[in-house]
1. Which value, in Å² rounded to 10, gives the accessible area of L111 with a 1.4 Å probe and all protein chains present?
2. If one puts a single equal scatterer on every Cα of region 43-155 and applies the Debye formula without solvent, what log₁₀ I(q)/I(0) results at q = 0.10, 0.11, 0.13, 0.19 Å⁻¹?
3. Would you pull out the residues with amide H under 5 Å of F143's amide H, same chain only if 5 or more places away, H placed 1.01 Å from N?
4. Just the accessible area for D47, please: 1.4 Å probe, Å², rounded to the nearest 10?
5. Heavy atoms only, probe 1.4 angstrom, no DNA, RNA or ligands counted: give me M119, M82 ranked by accessible area, highest first.
6. What does region 97-148 give for Rg and for Dmax, in Å, if only its C-alpha atoms count?
Amino acid sequence: MKKGIIFVLLCAFWPTVHASAQKFGYVDSEFIFSKMPEYQKALGEIDKFTDKWSKDIQDKYADIEKQQRAYQAEEILLTDDMKRDRQRSLSEKEREAREYNNKVFGYEGMLYQKKKELMKAPMDLVSRAIEKISLQKKLDFMFDKASDFVMLYTNPRHDYTEYVMEELGLDMNAKPGKPSNVAGAAPNPAGSSTDNKPTTKQ
């Protein structure tokens, strides 16, 4: 799920700056999302819809199986016309079940749309925070360490994850999805580990 929504934010705020002077940074959006209560809540809602729709489909197939067993038990007593009607009814129900399954879990189906809807709010929060930090730190490029963009080596001095989390009011050490203890408080670099926090860029 996460890989489906993790993104690479590529910003070019000062296109006239020479390539040698361009500044870049990266964040770990997967780590950020893991600390966001809004994201965890969205995952929980998605799970509820998935379970509900899965049960609906299972119930449809269970009903079809029940009717098939009833038909097999009564088949010897039915006329040819009655058999054709029952077989047609069963085929129609099977077709409806397949179509509903595809409607829910198929390409860009109901589940996909629900994920897109529920994930929009937390993703927008992170996106705005990344853009704000990029502007504050005068970065030309911001990459996502958690995306499919392969980063073979990352220097911690370019890691802006903690800045983004501070902007979102999230605690680096909080348990995944738990409310932050620093929400609404001003960033406190002095109380943070200097090993993980980027150094001041020139």
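The values are calculated or read from the model by the stated rules, or taken from the named source; none is laboratory data. Nothing here was measured: the structure is a model prediction, and the numbers come from that model. Side chains included, ligands, DNA and RNA excluded: accessible areas come from the protein's heavy atoms. Shrake-Rupley method; radii C 1.70, N 1.55, O 1.52, S 1.80 Å.
1. Rounded to the nearest 10, the figure is 20 Å².
2. Each listed q corresponds, in turn, to -0.57, -0.62, -0.73, -1.03.
3. The list, which skips near neighbours in sequence, is G25, Y26, V27.
4. 90 Å²
5. On the way: M119 0, M82 90 Å².
If we order M119, M82 from most to least accessible, we get M82, M119.
6. Spelled out, the Cα radius of gyration and Dmax of region 97-148 are 17.0, 54 Å.
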